[in-house]
Amino acid sequence: MALIKCDFYSDTLGLSTSMHVILPQQTHTQIGMQNVTGQGLHPTLYLLHGLSDDDSIWLRRTSIERYVANLGIAVVMPQVHRSFYTDMAEGGRYWTFISEELPTLARSFFPLSHQREDNFVAGLSMGGYGAFKLALRKPEQYAAAASLSGALDMAAHLKNTEGSALQQAEMQRIFGSTMAGSENDLLHLLQESEQGQGLRPLLYQCCGTEDFLYEDNQTFRKACEQSDFELTYEEEAGAHEWGYWDTKIQDVLKWLPLSKRD
């Protein structure tokens, strides 16, 4: 595998930012690794970070590079700060960045496939929210999406007055005063998708039963099971921590609908 730290300028954000990218590389003499790559452009997993993290975190906390070595896929890990993958009410246009500019730039820099069946998105916590928002709002771009311990009911969180004044102010800067029924409300997006006749990405959802976001995940799961989306749901004992996510990202990789290539 090749690992690339890519620093670049975003016109959408109006600033320099970064992403880490894992690219398939066929090797024959590397000890302890079985690397695979196919012909042509690479299938791609966009792997999203959580609220307190950055584009390096999946590499630092898991063995993601080793896990994908024999799959022949690229992994793009972008930086979005604490934006919730949203065009912020007071701040950067991170939704536009992640949904439009980033894939275009990444494909201009690296040999990545633009075919829907070759593109997937996954993330943890805030990144799980971002992954499902991409799947629901951009179903023509992604064949599958996975949420690990995702913050999937943000409308309920914004109604919650138990958070500190600082936390509440941050949420206001990101989402503004309206969440329920908006384009940032996953439950609303799910309901809208049910009423349409569009594409349906495969969805994978997991959460530990001791996770503080467990109720969020139950709410989304029940809503999704009443829809016509194909949902794979898994839960077991686990908290909001990297030991759990390191295990579950391996399950996500096994679940991805990767097509066989020569």
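The values are calculated or read from the model by the stated rules, or taken from the named source; none is laboratory data. Here the structure is a predicted model, which is why all the values come from computation and not from measurement. Using ideal geometry, Cβ is built from the backbone for each residue, glycine included, and neighbour counts are taken over all protein chains shown.
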Among the residues of the stretch 141-154, is there at least one that is within 17 Å of the chain's Cα centre (by Cα), over 17 Å from V76 (Cβ atoms) and among the charged types (D, E, K, R)?
yes
Of the listed residues (A156, A135, A145, A131), the one being under 19 Å from I174 (Cβ atoms) and crowded, with 22+ Cβ neighbours inside 10 Å is A131
Filtering helices (runs of 4 or more DSSP H) wholly in the stretch 166-262 for at least 1 residues that are over 29 Å from P43 (Cβ atoms) and not charged (D, E, K, R) gives 186-195, 214-225
Per-region count, the stretch 94-115, residues in contact (Cβ under 8 Å) with a residue 60 or more places away in the chain, assigned to a helix (DSSP H, G or I) and exposed (fewer than 15 other Cβ atoms within 10 Å of the Cβ):
2
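Name the one entry in Y94, Y67 that is under 30 Å from G32 (Cβ atoms) and hydroxyl-bearing (S, T, Y). Before you say what the answer is, go through the steps one by one.
Working: Y94 fails: under 30 Å from G32 (Cβ atoms).
Y67 is the lone residue from the list that is under 30 Å from G32 (Cβ atoms) and hydroxyl-bearing (S, T, Y).
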Considering only the stretch 70-90, I want to know if a residue exists there that is at negative phi and assigned to a helix (DSSP H, G or I).
no
Kindly list, by first and then second residue, each pair from a residue in the stretch 72-93 that is touching a residue at least 24 places away in the same chain (Cβ under 8 Å) and among the polar types (S, T, N, Q) to a residue that is surrounded by 21 or more Cβ atoms within 10 Å (Cβ to Cβ) and assigned to a loop (DSSP other than H, G, I, E, B), limited to pairs with Cβ atoms under 6 Å and residues at least 6 apart or on different chains.
Q79/D55; T86/N184
Filter result for E215 (without any contact (Cβ under 8 Å) to a residue 40 or more places away in the chain, over 24 Å from T96 (Cα atoms) and loosely packed, with under 15 Cβ neighbours inside 10 Å):
no
A155, sole failed condition from (1) farther than 16 Å from H42 by Cβ; (2) of a type in the set (G, A, S); (3) assigned to a helix (DSSP H, G or I); (4) out of contact with any Asp or Glu (no Cβ under 8 Å at 6 or more places or on another chain)
(4)
Scan the stretch 9-29 and tell me whether some residue there is over 20 Å from F110 (Cα atoms), modelled with pLDDT under 95 and over 16 Å from the mean Cα position of the chain (by Cα).
yes
Cβ-Cβ distance below 7 Å, separation of 6 or more or different chains: which pairs start in the stretch 34-62 with a residue that is more than 17 Å from V121 (Cβ to Cβ) and modelled with pLDDT under 95 and end on one that is part of a loop (DSSP other than H, G, I, E, B) and charged (D, E, K, R)?
G38/R261; G38/D262; Q39/R261; Q39/D262
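Yes/no matrix, rows are residues, columns are (1) at pLDDT 95 or above; (2) aliphatic (A, V, I, L, M); (3) more than 29 Å from D118 (Cα to Cα):
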residue	(1), (2), (3)
L158	no, yes, yes
L166	no, yes, yes
A169	no, yes, yes
S177	no, no, yes
L186	yes, yes, no
Q195	no, no, no
C206	yes, no, no
K222	yes, no, no
Y233	yes, no, no
Across the stretch 129-150, the tally of residues that are out of contact with any Phe, Trp or Tyr (no Cβ under 7 Å at 6 or more places or on another chain) and in a helix (DSSP H, G or I) stands at 4
Read through the list (1) surrounded by 13 or more Cβ atoms within 10 Å (Cβ to Cβ); (2) over 30 Å from R82 (Cα atoms), then give the number of the only condition that L23 fails.
(2)
Residue in the stretch 201-208 that is hydrophobic (A, V, I, L, M, F, W, C), without any contact (Cβ under 8 Å) to a residue 60 or more places away in the chain, surrounded by 14 or more Cβ atoms within 10 Å (Cβ to Cβ) and touching a Cys at 6+ places or on another chain (Cβ under 7 Å) present:
no
